[in-house]
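Below is one structure, written out as structure tokens, with a few remarks after it.
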Amino acid sequence: MRKRIVEPPRSSNPAPEGEWLALDHLARVELSSEDPAHPIEGALSPERDGGWRAGHPGEQLVRVVFDEPQPLRRIWLRFVEPSAERTQEFTLRWRSAEASGTREIVRQQWTFAPGGAMSETEDYRVELPAVAVLELVIRPDVGGGDARASLDALRLA
């Protein structure tokens, strides 16, 4: 897996069975930060557990840059927060090889509550013909707290 730390942008369900893309062979990953104990491989690889966790609080970026544009039909994400009540917002966007800017797929908020809603799973069916870049931007606490972003799993097909 190729990755690099980049500047952040300014302004417990198992993964479903399926033919998921082998991202470690098809893409590099760019991150705004990473906790060494929870690297991005834990979220992107079906063979690894533990998920990804940001190295510092605040908005975070996970960018998947494909070596060759890929058609995407499905984006599956899982977020888990077992200990803190917070409202998170995430945005998924994509860029084709021909486009200069990104296009938003979805922007969504979710409130985690220990003892209640401790995980969020999203399964998006999409028709994106030639994705060069897929970006996930996570605001871990829209209230401005010092929460760290995390991603339990991301699968693409």
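Below, the figures for the structure above:
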item: FRET efficiency for D24 and S83, using Cβ-Cβ distance with R0 set to 30 Å, rounded to 0.05; result: 0.50
item: Charge dipole magnitude, Cβ of K and R +1, D and E -1 - the stretch 61-144, Cα centre, debye nearest 20; result: 100
item: Relative contact order (%) - the stretch 75-157, alpha-carbon pairs under 8 angstrom, separation at least six; result: 46
item: Förster radius 35 Å - calculated FRET efficiency between T121 and A97, Cβ distance, rounded to 0.05; result: 0.70
item: Dipole magnitude of the chain, debye to nearest 20 (Cβ charges: Lys/Arg +1, Asp/Glu -1, about Cα centre); result: 320
item: Total formal charge among the other residues, if their Cβ is under 11 angstrom from that of G50, Lys/Arg +1 and Asp/Glu -1; result: -2
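Bear in mind these aren't lab numbers, they're just calculated from the coordinates by the rules spelled out. Keep in mind it's a predicted model, so treat the numbers as computed, not measured. Note: ideal-geometry Cβ built from the backbone for every residue, glycine included; neighbour counts use all protein chains shown.
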